[in-house]
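A.B. asks: Sharing a structure, written as structure tokens. Questions coming.
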Amino acid sequence: AAVASCTIVAVALWPEFVHFVILRFHPGREHVYCSNPLVDISHNAYRAAVSSAFAAHDAIVDTEGNHQFAEEDPAAAAWAKRHGDLRGVNLGGWLILERWLIGNVHEVETACCGAVRSPYWRTACDKVMSEYDLSRHLRARGALDRIDSFRDTFVTRIDFEKMKALGLNAVRVPFGYWLVAPDLHPAPYHQGRGWHYLDKAVRWAEELGLKIVLDLHAAPGGQSGQQTAGRENDAWTPADFDADATVEVLRRVAARYAASPSVIALELLNEPELPVEILLDVYKRASRAVRDAGMSSEQVALVVNAYNRDGIAAVAQDVWPVFNRELKEANVIYDLHLYYAFLPEPLTDLPLCVVVDELVRVQSQLLALTGRPTFTGEWSLRLPPPRTRVGAEFARLSAAEKRGVLQRFGRRQIAGIASGGRIGGFYWTWYHPGVNTVRGPGCVSGDQSEWSFQQALDSDWIAPGEWAVGNSTRVRA
């Protein structure tokens, strides 16, 4: 009953919220900044419009932060209580070579070895758009060792030591299926040392007392046509997705790391753009395969990425109701990516101050309304691009004003992700080169620093210890 009521509230809340903010903050009207007391009237009305979210949160979380879904999935509730303080980062760009992340610069800085050459060096952005294209391009030139050299240096034990020293306690490791099971779905990808990299990540985590979430970021055939799934492919359709091979990949990963005390979760798919009925089938089969391979429900959570490319509204309407009703396997939890760089069009017309403040607060409430324990697998300080109202406002600010906005934006997100009985999550990403220097058709240009956790610390957008273990009592809203 608690699960059903939460889902109903979430579905009902979102249209009301969007309708309200569009009317209240119409782009044709003049506005003052959030620091102006006159805006309090708007904020009061705003809070009234979303009061049902807070009521729902209070209904499912008691004063000690215990969720009422404990009766429906006690293993998930116990897992959430045991790991309810996740302060982590993603290792984006390492085991999935996303062009937008590490391919629009000539060199990247590494903790171990200084500047190393990007594997995309001297390739055209509009021709070599993803790891699929890169592997094929380098194989034709006898240069696949560029991928190996990059992976050997981009992330090392030094990075894990640095994470530990910063007060982080967890790392999410995105990987492509070809690293561990290229035989299941032949494609041009380069396996290289394959399992070696995941083995090292798990071993470093064990040695340093860090927790690991293994994330199947790119499945056989692709769970989407995005470069995040390995191949940028406008012709992709759900028929390309290989469900049988995906289940077997997850089974092999589970069998290999079932005994690791650091592996606390296995994310079954990242940001899938597949019909719910296909996802439901593969999640059920994968859950059985993973458990049969030895990953126990007492130790390892199975993570379902609650995702829809049309945004959170579509997730609430199309994803949660089905999965909450149909997925009955033990210790299944959700991952909800809370990004503000990719807001749906009506919300990009809001004033900057509303996006970095009240919108964050309201969207964070959804973490308590999913009906299952939910962490934020990806979040960042990246705002919408300058072509939007939000981005244009931000671009006009001085350097000092931008720093102040990003500091508040970070505090708001951390408060939403890490307080009120919520589990926490993972910043996307550990390292981004910052200013992209490669130019040409299809290249992602400009300063991308807000994607980098290390840059956020260096620039004082996130204070030392603010995103660290045990900081929830110190978070300032």
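A.B. asks: Can you put K81, K200 in order of accessible area, largest first, using a 1.4 Å probe?
C.D. replies: K81, K200
A.B. asks: Need the full-extension length gain, E161 to A395, defined as separation in residues times 0.36 nm minus the C-alpha distance. One decimal, nm.
C.D. replies: Using 0.36 nm per residue and subtracting the Cα-Cα distance, I get 80.7 nm.
A.B. asks: Report the label-to-label distance for D199 and D145 in nanometres (one decimal), using points 7 Å from each Cα along the Cα→Cβ vector.
C.D. replies: With each label placed 7 Å out from Cα toward Cβ, I get 2.2 nm.
A.B. asks: While we're on this one: Which entries in K81/K200; K81/K402; K211/K402; K81/K284 show an alpha-carbon gap greater than 31 Å? The partial results should precede the final answer.
C.D. replies: Working: K81/K200 28 Å; K81/K402 37 Å; K211/K402 33 Å; K81/K284 24 Å.
Checking Cα-Cα distances, K81/K402; K211/K402 exceed 31 Å.
A.B. asks: Report the Cα centroid-to-centroid distance between region 140-185 and region 315-365 in angstrom, as an integer.
C.D. replies: 29
A.B. asks: Provide the three semi-axes, in whole Å and in decreasing order, of the ellipsoid equivalent to region 307-427 as defined by the square roots of 5 times the Cα gyration tensor eigenvalues.
C.D. replies: Calculated on Cα positions only, the semi-axes equal 29, 16, 10 Å.
A.B. asks: Pairs of Cα atoms under 8 Å, at least six residues apart: use those to get the relative contact order of region 321-477, whole percent.
C.D. replies: 23
A.B. asks: How would R361, R139, R87, R157 rank on accessible area, largest to smallest, probe 1.4 Å? Intermediate values should be presented prior to the final figure.
C.D. replies: Numbers: R361 45, R139 105, R87 0, R157 75 Å².
Largest accessible area first, the residues go R139, R157, R361, R87.
A.B. asks: What FRET efficiency comes out for the pair E72/A293, r = Cβ-Cβ distance, R0 = 41 Å, nearest 0.05?
C.D. replies: The value I calculate is 0.95.
A.B. asks: Counting pairs of alpha carbon atoms under 8 Å apart in space and at least six apart in sequence, what relative contact order in percent does region 78-230 give?
C.D. replies: Here the relative contact order equals 28 percent.
A.B. asks: To the nearest 10 square angstrom, what accessible area does R412 show with a 1.4 Å probe?
C.D. replies: R412 has an accessible surface of roughly 30 Å² with all protein chains in place.
A.B. asks: A follow-up question, please. Heavy-atom accessible area of D240 with all protein chains present, probe 1.4 Å, nearest 10 Å²?
C.D. replies: 70
A.B. asks: Still on this structure: Take the alpha-carbon centre of region 251-288, take the same for region 397-469, and report the distance between them in whole Å.
C.D. replies: 29
A.B. asks: Here's another thing I want to ask about it. Dividing the Cα radius of gyration by the Kirkwood radius, what Rg/Rh value follows for region 397-477?
C.D. replies: 1.04
The values are calculated or read from the model by the stated rules, or taken from the named source; none is laboratory data. Note that the coordinates shown come from a computational prediction; the quantities given were computed from them, not determined experimentally. Ideal geometry is used to build each Cβ from the backbone, glycine not excepted, and the neighbour counts take in all protein chains shown. Surface areas here come from the heavy atoms of the whole protein model, side chains and all, with no ligands, DNA or RNA. Shrake-Rupley method; radii C 1.70, N 1.55, O 1.52, S 1.80 Å.
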